[in-house]
Amino acid sequence: MTAVLEEQHDLRERPGADVSRSEQQGTASVLKALQLLDVFRDGGPVLGVSEIARRVGVPTSTAFRLLAYLVEGEFITKEGTRYRLGDKLFQLGNQVSLCLPKGLRELAGPHLGELYAATGMTVRLAVLEGAEVVIVDKIVGLRTVPAATAIGGRVPATCTALGKIMLAFQSAGDIAKVLQAPLPRLTRYSPSQPRLLHKQLIDIRSTGLGYDLEESVLGQVCVAAPILSGGVAVAAISLSARTHQTNLTQSTAALQQAAGRISGLLNAQ
């Protein structure tokens, strides 16, 4: 027992032990700082230190200290007593598209523009992350349906056309994981029964089109087509409009042609 205590004492006295402890503390601080940044994804564009601390679960003093470092690094901007994400994150974020499958956003851009010109409807490009859709790009006009979800924003996959079309072209195991979790409901039309949603995904896979009939936003309908690589949907594009303004079936041919061209470009690289 005495030997053990002496060994522990020796370890505490060694410089390497202090370095290791310092490294651990530094790693924890970095992780907490990243959590502070993540708060802005759902918390809002401008937040106070108390709200940030509450959402992350750290003392206000800790949040204040970490925010000061982030302000110094230009990742956060301070406006009076409140904070918002800094311009440096905007610059970094706009380079992320280069990391998506083979430069997806750059390849798809011209085809999204052509699709908007042909249909006059809101056009979105998205990828799937688990049970969520991440909006990669969008095109809107003065007369299109409002596109509330920002580029980089997330929406549930199970009640959106983009999400359902991508889920339909995933492995059986990945689909099962999503269906085993509770299904979020954004409107009264959102799917609520896994069995019925699974049947819907089977039908979607056979037609190559996914629909959202007021399932994510009341008064809005949407149709989506997959961007495929090796039979798996690596992304999808969609058209959306107000329920009383359009017949989606009139634009599905143009949508599928655009998705097919983008798929071809991705697979040709």
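The values are calculated or read from the model by the stated rules, or taken from the named source; none is laboratory data. In this text, all values refer to a predicted model and were calculated from it rather than measured experimentally. Virtual Cβ from ideal backbone geometry, glycine too; neighbours counted across all protein chains shown. Accessible surface is based on the protein model in full, side chains and every heavy atom, while ligands, DNA and RNA are left aside. Shrake-Rupley method; radii C 1.70, N 1.55, O 1.52, S 1.80 Å.
Annotations
- Checking each residue in the range 180-202 for being in a helix (DSSP H, G or I) and touching a Ser or Thr at 6+ places or on another chain (Cβ under 8 Å) picks out only L197.
- Long-range neighbours under 6 Å by Cβ, at least six apart or interchain, first residue in contact (Cβ under 8 Å) with a residue 24 or more places away in the chain and open to solvent by 80 Å² or more (accessible area, probe 1.4 Å) within the range 192-216, second not basic (K, R) and not in a loop (DSSP other than H, G, I, E, B): R205/A168; L213/V221
- Single condition A258 does not satisfy, out of (1) modelled with pLDDT of 95 or more; (2) under 21 Å from the mean Cα position of the chain (by Cα); (3) open to solvent by less than 10 Å² (accessible area, probe 1.4 Å): (2)
- Filter pass, P184 being in contact with a strand residue (DSSP E or B) (Cβ under 6 Å, 6 or more places away or on another chain), modelled with pLDDT under 95 and farther than 24 Å from R143 by Cβ: yes
- Per-region count, the range 124-141, residues more than 18 Å from Y211 (Cα to Cα) and touching a helix residue (DSSP H, G or I) at 6+ places or on another chain (Cβ under 9 Å): 6
- Cβ-Cβ under 6 Å pairs, at least 6 apart or on other chains, the range 58-74 side farther than 15 Å from F40 by Cα, far side modelled with pLDDT of 90 or more and not hydrophobic (A, V, I, L, M, F, W, C): T60/S50
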